[in-house]
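Asker: Mind looking over this structure? Questions follow.
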Amino acid sequence: MGAYSEAYRLSLDDPERFWLDAARLIDWDSFPTRALDGSRAPFYRWFPDGELNTSYNALDRHVERGHGERDALIWDSAMVPAARRYTYRELRDEVARAAGALAALGVGRGDRVVVYMPMVPEAVITMLACSRIGAVHSVVFGGFAAKELAARVDDARPKVVVAASCGLEPGRIVPYKPILDQALAMSSHRPDHVVVLQRDQQRAELAPGEHDWQDVVPGAAPADPVPLASTDPLYILYTSGTTGRPKGVLRTTGDHAVALAWSMGAVYDVREGDVWWTSSDVGWVVGHSYIVYAPLLAGATTVVYEGKPVGTPDANAFWRVISEYGVKKLFAAPTAIRVIKKVDPKGEGPAGYDLSSLTGVYMAGERLDPETHRWATDMLGVPVVDHWWQTETGWPVAANPRGLEPLPIKPGSATVPVPGWDVRVVDASGAELPAGREGEIVIRLPLPPGALATLWGDDERFVESYLSRHEGCYTTGDSGHLDEDGYLTIMGRVDDVINVAGHRLSTGAIEAALASHPAVAECAVIGVPDPVKGQTPRGLVVLKSGVETDEAELRAELVAAVRRDVGPVAAFRDVTVVPALPKTRSGKILRRTMRGLAEGRDEAPPPTIEDPAVLESLKPLLHLRPEP
Ligand code: COA
Ligand code: AMP
């Protein structure tokens with residue numbers, strides 16, 4: 001048996017032994033006497049009697065072991081442009097002061113802190129500061145609109161919101177503080193305090209009672225890490241579900257630290273002192289796990305990059321960062337590679353840079369299509385591997401575990417289930433399917449450490465959304481198949497979640513924005529394939545009878561409504577007025593059938609279809625590419 005198979009078998013046959021062993025990667029205030037508590041299944045608890053502090057493990061312990069002068073975080077902003085390095089000692093001290101500042105504002109164990117910041121070091125510092133004092137952070141991605149931020153504030157009920165005055169996108173400054181003001185005007189919950197990091201590009205007006213970061217953090221008394229229960233909440237991260245209402249994925253402390261520390265070596269082959277770069281955003285799970293927590297838990301150097309993969313005026317932003325900081329491993333989304341390919345189709349960029357430090361590239365967020373895989377591999381000359389996971393899982397479910405044992409790469413496949421994850425492919429009745437047959441991907445319970453513990457404040461929704469469809473299994477919402485070698489291929493979502501440029505969105509939220517327009521009677525939004533972004537949302541709207549309107553004007557208003565209510569991240573530009581939507585006889589809109597058509601699958605509609613002619617009339621439209 002190879003190292004991978006051995007680890008995989010042990011993780012499923014004897015999870016106690018496997019995970020207590022992995023727990024030694026972490027320094028505990030009180031080492032757990034057992035790994036899994038299943039007494040309240042399906043609410044499993046890992047390391048139930050362990051005590052630890054994540055910020056201590058990410059920072060202090062490396063300083064105490066003599067690595068205080070090693071770079072912990074390198075911030076590089078192509079947008080300012082600027083760069084700044086923090087050693088482990090400096091980052092620990094900054095985090096301790098930020099934790100002290102939060103404590104002085106009344107934040108304590110279990111209190112929530114909403115973080116609304118772009119890719120600046122202070123976002124990472126705030127997250128780690130929360131974990132130092134047992135507060136629960138909830139980071140909101142900057143590309144969401146005020147309404148989405150308000151929904152998260154109302155659900156998380158934070159004591160403090162920490163924001164930046166602005167974010168920087170190519171060609172424009174995004175004023176974050178006015179978006180926060182709008183959100184707080186909409187939300188029914190009021191935080192006790194707002195702290196604002198003032199950026200020179202656009203400073204914000206502060207109302208009485210709002211604090212400038214500079215006034216509260218640098219002078220604060222540093223806070224020591226407090227011992228927390230392994231099962232204490234670490235963070236809430238909202239993600240899109242099938243309805244417009246976001247789901248607050250709750251992650252707990254000890255299992256998260258163990259899983260991420262283990263994954264850094266076993267999956268990514270990253271060790272102490274290596275330079276690691278995840279090109280994502282702290283607002284997504286990839287950012288939480290692999291910009292912030294995992295690299296620091298492992299004692300590596302993490303690069304925090306503010307900018308897009310394509311720098312101005314060339315396509316070389318990625319190569320500059322890799323060569324400048326000696327990046328060993330890069331983690332990015334396939335869409336980023338396709339953006340580079342669009343600008344530099346021959347892939348000549350890397351030739352101008354010393355990329356000798358780079359030994360591998362990891363891709364996730366959407367399927368790594370074989371053509372993008374080939375192009376990136378040819379261009380970079382290092383293994384490029386796909387791996388699959390979700391906000392809910394927190395770390396990879398299927399991957400090429402190169403730190404354990406590099407496995408052959410099969411383009412199009414996310415490789416094999418990672419130790420801890422008992423992955424099965426089933427049909428609608430829950431029966432397991434043989435190799436090669438596509439079906440729903442489920443994971444048998446218990447989920448390993450690091451996966452979601454529940455949904456914040458909503459155990460019932462957690463069970464209903466993930467655990468009720470197939471007995472004893474977590475439903476991933478993705479479909480795919482396993483082959484004879486145990487390699488998993490992901491085909492896409494089976495629900496109404498779409499993935500636009502590596503950003504997970506709910507079509508329900510976009511539909512709600514369209515439906516708020518007074519002229520719209522009903523609407524449907526589906527994801528359609530896009531050569532660069534993977535998918536883009538396409539809206540089909542039916543107008544109320546008797547409405548006379550200029551269609552171009554209406555379309556512009558609908559696009560603006562989605563930007564206003566969901567945010568620019570929806571990248572919503574494509575909406576068409578149609579006479580009717582295809583439905584079942586009970587009135588359910590046939591979104592799945594339409595999506596299949598858009599993806600080129602001309603499957604027969606369900607027998608319950610109300611009027612087949614309506615679907616026929618939409619076919620040419622569903623095959624159309626969006627207008628440029
Ligand atoms: N704050 C404010 N606005 C933001 C934002 C943020 N953090 N992120 C994106 N937006 C805005 C963009 O400015 C753009 O606005 P526009 O309509 O005015 O142009 C809109 O949202 C759409 O942005 P995006 O989809 O990111 O398109 P893009 O062309 O700017 O960039 C990519 C394309 C592929 C480079 C970028 O989407 C990307 O890096 N994606 C990878 C995501 C990822 O890392 N996912 C995690 C898995 S690894
Ligand atoms: P998120 O929760 O934002 O990380 O998005 C998770 C979803 O993105 C998954 O359910 C998949 O649909 C998709 N996804 C992520 N990684 C991959 C991958 N490697 N291959 C295919 N789809 C992926």
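Asker: Taking segment 305-350, which residues are under 22 Å from residue 530 (Cα atoms) and of a type in the set (S, T, N, Q)?
Answerer: 335
Asker: Right, something else. If a residue must be away from ligand 1 (no atom under 14 Å from the Cβ) and closer than 26 Å to residue 271 by Cα, how many such residues does segment 357-371 contain?
Answerer: Final tally of qualifying residues: 4.
Asker: Can I ask one more? Which ones in segment 598-613 are outside any strand (DSSP E or B) and under 37 Å from the mean Cα position of the chain (by Cα)?
Answerer: Passing the criteria: 598, 599, 600, 601, 602, 603, 604, 605, 606, 608.
Asker: I'm checking my understanding of the structure. Among residues of segment 525-568 that are over 15 Å from residue 599 (Cβ atoms) and of a type in the set (Gly, Ala, Ser), which one is most open to solvent (accessible area, probe 1.4 Å)?
Answerer: Checking each candidate, the answer is 545.
Asker: While we're looking at this one, here's another question. Of all residues in segment 372-389, count the ones that are loosely packed, with under 14 Cβ neighbours inside 10 Å and part of a helix (DSSP H, G or I).
Answerer: Here the count works out to 2.
Asker: Looking at segment 258-273, is at least one residue among the acidic types (Asp, Glu), in contact with a helix residue (DSSP H, G or I) (Cβ under 6 Å, 6 or more places away or on another chain) and part of a loop (DSSP other than H, G, I, E, B)?
Answerer: no
Asker: Within segment 360-372, how many residues turn out to be charged (D, E, K, R) and away from ligand 2 (no atom under 12 Å from the Cβ)?
Answerer: Number of matching residues: 1.
Asker: May I pose another question? Select the strands (runs of 3 or more DSSP E) contained entirely in segment 420-507, then report the ones holding at least 1 residues which are surrounded by 17 or more Cβ atoms within 10 Å (Cβ to Cβ) and among the hydroxyl-bearing types (Ser, Thr, Tyr).
Answerer: In segment 420-507, the matching strands (runs of 3 or more DSSP E) lie at 473-482, 488-493, 503-506.
Asker: Continuing with this model, one more query. From 151, 145, 156, 164, grab the single residue that is within 13 Å of ligand 1 (Cβ to nearest atom), within 19 Å of the chain's Cα centre (by Cα) and modelled with pLDDT of 95 or more.
Answerer: The conditions single out 145.
Asker: I'd like the full set of residues that are under 24 Å from residue 89 (Cβ atoms), of a type in the set (Val, Ile, Thr) and within 14 Å of ligand 2 (Cβ to nearest atom), limited to segment 281-307.
Answerer: Within segment 281-307, 282, 291 meet the criteria.
Asker: Would you check if residue 223 is crowded, with 18+ Cβ neighbours inside 10 Å and assigned to a loop (DSSP other than H, G, I, E, B)?
Answerer: Criteria met by residue 223.
Asker: Does at least one position in segment 39-62 carry a residue that is part of a loop (DSSP other than H, G, I, E, B), of a type outside the set (Val, Ile, Thr), modelled with pLDDT of 95 or more and within 25 Å of residue 274 (Cα to Cα)?
Answerer: Looking for residues that are part of a loop (DSSP other than H, G, I, E, B), of a type outside the set (Val, Ile, Thr), modelled with pLDDT of 95 or more and within 25 Å of residue 274 (Cα to Cα), one finds at least one in segment 39-62, hence yes.
Asker: Quick check on this structure: which one of 35, 22 is within 15 Å of residue 451 (Cα to Cα) and small (Gly, Ala, Ser)?
Answerer: Of the residues listed, the single one that is within 15 Å of residue 451 (Cα to Cα) and small (Gly, Ala, Ser) is 35.
Asker: Further question on the same structure: Identify the residue in segment 372-421 that is of a type in the set (Asp, Glu) and within 16 Å of ligand 1 (Cβ to nearest atom) and, among all such residues, is nearest to residue 342 (Cα to Cα).
Answerer: 386
Asker: Right, something else. Search segment 396-406 for residues being open to solvent by less than 30 Å² (accessible area, probe 1.4 Å) and not small (Gly, Ala, Ser), and hand back the single one that is nearest to residue 286 (Cα to Cα).
Answerer: It comes out as 396.
Asker: Might you check whether a residue that is touching a Ser or Thr at 6+ places or on another chain (Cβ under 9 Å) and at pLDDT 95 or above occurs anywhere in segment 177-191?
Answerer: yes
Asker: Please indicate, with yes or no, whether at least one residue in segment 373-385 is closer than 30 Å to residue 236 by Cα and either without any contact (Cβ under 8 Å) to a residue 60 or more places away in the chain or within 14 Å of ligand 2 (Cβ to nearest atom) (or both).
Answerer: Yes; the residues of segment 373-385 include at least one that is closer than 30 Å to residue 236 by Cα and either without any contact (Cβ under 8 Å) to a residue 60 or more places away in the chain or within 14 Å of ligand 2 (Cβ to nearest atom) (or both).
Asker: Note down all Cβ pairs under 9 Å where the first residue falls in segment 322-340 and is within 7 Å of ligand 1 (Cβ to nearest atom), the second is of a type outside the set (Asp, Glu) and part of a helix (DSSP H, G or I), and they're at least six residues apart or on different chains.
Answerer: Qualifying pairs under 9 Å: 331/286; 331/290; 331/291; 332/318; 333/286; 335/372; 336/318.
Asker: While we're on this one: Scanning segment 36-68 for residues that are without any contact (Cβ under 8 Å) to a residue 40 or more places away in the chain and out of contact with any Gly (no Cβ under 9 Å at 6 or more places or on another chain), which turns out farthest from residue 251 (Cα to Cα)?
Answerer: Across segment 36-68, the extreme among qualifying residues is 66.
Asker: Please verify whether residue 269 is open to solvent by less than 10 Å² (accessible area, probe 1.4 Å) and either within 16 Å of ligand 2 (Cβ to nearest atom) or touching a residue at least 12 places away in the same chain (Cβ under 8 Å) (or both), treating the condition exactly as stated.
Answerer: When the stated conditions are applied, residue 269 does not pass them.
Asker: Which condition number in (1) more than 16 Å from ligand 2 (Cβ to nearest atom); (2) within 26 Å of residue 503 (Cα to Cα); (3) not aliphatic (A, V, I, L, M) is the one that residue 242 fails?
Answerer: Result: residue 242 fails condition (1) only.
The values are calculated or read from the model by the stated rules, or taken from the named source; none is laboratory data. Predicted model, so just to flag it, every value in this text is computed and none were measured. Neighbour counts are summed over all protein chains in view; Cβ atoms, including those assigned to glycine, are modelled from backbone coordinates with ideal geometry. The accessibility values were calculated without ligands, DNA or RNA, using every heavy atom of the protein model including side chains. Shrake-Rupley method; radii C 1.70, N 1.55, O 1.52, S 1.80 Å.
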